1. So for 71, 338, 531, what's the accessible-area order with a 1.4 Å probe, most first?
2. Expressed in nm to one decimal, what extension gain is obtained for the pair residue 381 and residue 200 from 0.36 nm per residue of sequence separation less their Cα-Cα distance?
3. Return the tail of the calculated pair distribution for the stretch 35-122, meaning the percent of Cα-Cα pairs more than 19 Å apart.
4. Once ligands and nucleic acids are excluded and a 1.4 Å probe is used, how much of residue 194 is accessible, expressed in Å² to the nearest 10?
5. Taking a 1.4 Å probe, which of 46, 290 shows the most accessible area, and what order do the others take after it?
6. Rank these by accessible area, largest first, 1.4 Å probe: 205, 529.
7. Would you tell me the accessible area of residue 491, worked out with a 1.4 angstrom probe on the heavy atoms of the protein chains, in Å² to the nearest 10?
8. Take residue 88 and residue 671, extend 7 Å from each Cα along the Cα→Cβ direction, and tell me the distance between the two endpoints in nm.
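The values are calculated or read from the model by the stated rules, or taken from the named source; none is laboratory data. Because the structure is predicted, anything quoted here is derived from the model rather than measured. For neighbour counting, all protein chains shown are included, and Cβ atoms are generated from backbone atoms with ideal geometry for every residue, glycine included. Surface areas here come from the heavy atoms of the whole protein model, side chains and all, with no ligands, DNA or RNA. Shrake-Rupley method; radii C 1.70, N 1.55, O 1.52, S 1.80 Å.
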Amino acid sequence: MRVALAVALLVAACGDPPPPVDVANGRLVARIHPDPAQIELLLDGRQVWTTRAGGSAPLGFLAYGNTPVAIEHNFGSFKFVEDEREVRWHAVTELSDIRTTADGAELTLIADGERIGTGRLTFVAATRSGPAPDAAGFARHVRMEFALDAGARVSLGASLAQDEHLVGLGGQSFDVDHRGETVPLWVQEDGIGKFPDPDDVYTGIWFLTGRKHSTHTPMPMLLSSRGYALAVDTDARAVFALGSEDEGVARYEAWDRRLDLQVFVGDGAPGEAVRDAFGHMIAWTGKPPRPPLSIFAPWVDALFGSANVRAVANALRANGIASSVIWTEDFRGGANGITGYALDEDWRVDRDLYPDFEALAGDLRARGFAFHTYANTFLDETADVYAEAVAGGYAIKDAAGGAYTFTGVKFTPSTLLDLSNPDAFAWAKGVLGQMRDQGADGWMADFAEWLPHDAVLASGEPAMLAHNRYPVDWARMNREMFEAPIAGRPDPIWFMRSAWLHSQPQVQVMWAGDQQTDFSDGDGYPSVIPIGLGLGLTGFPYFGSDVGGYMSQGTTPTTSELFQRWVTLGALTPVMRTHHGRSAAENVQWNRDATTIAHFRRWTRIHAQLAAYLWGSIGAYERDGLPLMRLIALDYPDEAWAWTDVTEYLLGDRILVAPILAAGATSRRVKLPAGAWIPLLGGVHVTGDNTATAAVTEIPAFVPAGAILVLYPDGLETVLDAPASPATLTVNDVGADREVWLYPGEARVPAHAGWHDDTGAVGAPQWTWSGRPLHAGSATAATFNGAPVAVAGGAVTVIGDGTLAFAGGGTLTIARGRANARTTVRLR
């Protein structure tokens, strides 16, 4: 990257502040002010982001400090109590020795007239994979590194505009726009039940319930409605105070002597700049390879031994339920206890429950199911690997050199695998590799939040600086284990609930965690949406939840109403996966009765059809970083409500989903972006703010006028081969056949009228829909390549490429190069 650097040559009058230094990269200028210290980023002369100028600590430009803190941990939750009487912040007030470099500038930090550290500003070459990422003539990524010689934490202050929205921060349960909040970022348990309590208030049995920002997946990353994105690259505990201490100041704090700030500047009109900045930030985090298609085909859990797992598989196929994965977490054993059905902590197969594990895996694959299991990094004293792990030195240690023990999930003494130890890493891969080799095609890679802050690690690094990285290393282990597919087996999948910055390229699928089996906002069914949106905004595109919920402690088991609502939500998220939950015998599940079976059959088949749409939607993630479960503001940034709403979302770029989230409700208010929207399954178009009604078996979902949806045909049951189930419709049976839903009206967003099978809206269209008058009604006649074709109930079937023209308006052009492909077209 060729960078033009310029130092402003200004003559300052006696007594005036020293002149700023301008460091330029094309149209982007970093203006560095020596006194008072300040760094501005200007695009075409317009300020797009700035630190504070000098100012009092910690709300000024930069500050360092020492604050005594007492830390406790229990059951994966952490309690931080700071001694407010001893808070000591010191301001960095000046910048000196500003020196230009080939790609930015270096400088010295001054506090109280003395050198206190150094700084470096770097223009970073684009990593985004989109077309001509640097065509705008500047590097979108600016890195600012500050290294202090004193203190235990660093804080940088930045200015906020009055109407600025700040979205992201990972899997947060209550909000997606965090303006006005102080958000501590530390990987820990969500808690059993979660309330919007202040994060520094600990009452009762503090480690059982979660506070407002307790999360498995905190991310020190955000996107601004002003057209920039920002990340603090640290493994330390971080605190983002986003206008909570001063409404015009955002403060970014890391519990380290180093602050590594990444700012991504977007180009274009305001909405375009938002997506541009976002795309560059997600490219910087890194992306996983495209996952197997089977992540988009329903996953169903099955327990209680080989015979029952086979019975579940038989029932799924007998009832025509679409499913490509059966996952069995009690392969390691399980039993009913005081908290419900709990797993054993063994790492190897329980041969009493699963004496023929290998044969079971083969039988399931023959019927079109991948076989998934379960893993975590606990080394419980009751586990089959405990003695071996401790003797080998593979566990984390205490100050005395013994295994660091705590009360584990089974209420028995437990320790953790030391992922900083290469020998422990290799040993664990060997043990878990046995499960893979015996037949597991993937698994839930659970937990990774419990690393104690005061553990002693083999690497010698402080556990406080390794804690947040623990789930990153756990994800990396799983990725390495599954990098090479096994011949004759389905492509592997691993799914996780915990993550930190840089987990993004290591993780295939994230799930929301252990939701309560109820309609509570913080930890029940409604919390799935803000968690999914926050993860999507921080680089995790493949997301799902436990359909029906998991934890029933302190609440009731899954009801029929909750199960049916959650099934519809699961069907309209990227990953649809059931879970038996802790109250496995009491929770309503898909096979409870004829009603639940019929409901599950219908929505799993819709989800299986949507797999084609979700597969194509990956194209927008691969090119632009756009997640499959998407904050509406990413596509409609001018809709102010879309920045804060946590009850609606976009699935891909053209399905707006607005679930019924309250128990007993059959209607809700729905906000829609400008233009006409048509119900997903057909109906009268609606606009703006309206009331949607939905029986317990339905879900409000809308598609913009003039859009096209390209799906698999109805009846698809698995995306895998099923040689032992010849009556099962597989994706190989379907081949290139598709079902296409066309919506009336004219597309306000041109991309909504086209589609490419593999890259969706960002690829050269293979399918193009002209739209049709909103009030044209059903078509009774049509031609394909000029010849009449039969129309029945607004549907028509054609073979190969060509142009389908409907009487009354509307043409669909198919250009796929698939001469024998059958397309069933439905007007919605």
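1. Order by accessible area, largest first: 338, 71, 531.
2. Numbers: separation 181, 0.36 × 181 = 65.16 nm, distance 3.30 nm.
Gain on extension, residue 381 to residue 200, equals 61.9 nm.
3. 54
4. Solvent-accessible area, nearest 10 Å²: 10 Å².
5. 46, 290
6. 205, 529
7. 80
8. Reported label-point gap for residue 88 and residue 671 is 4.7 nm.
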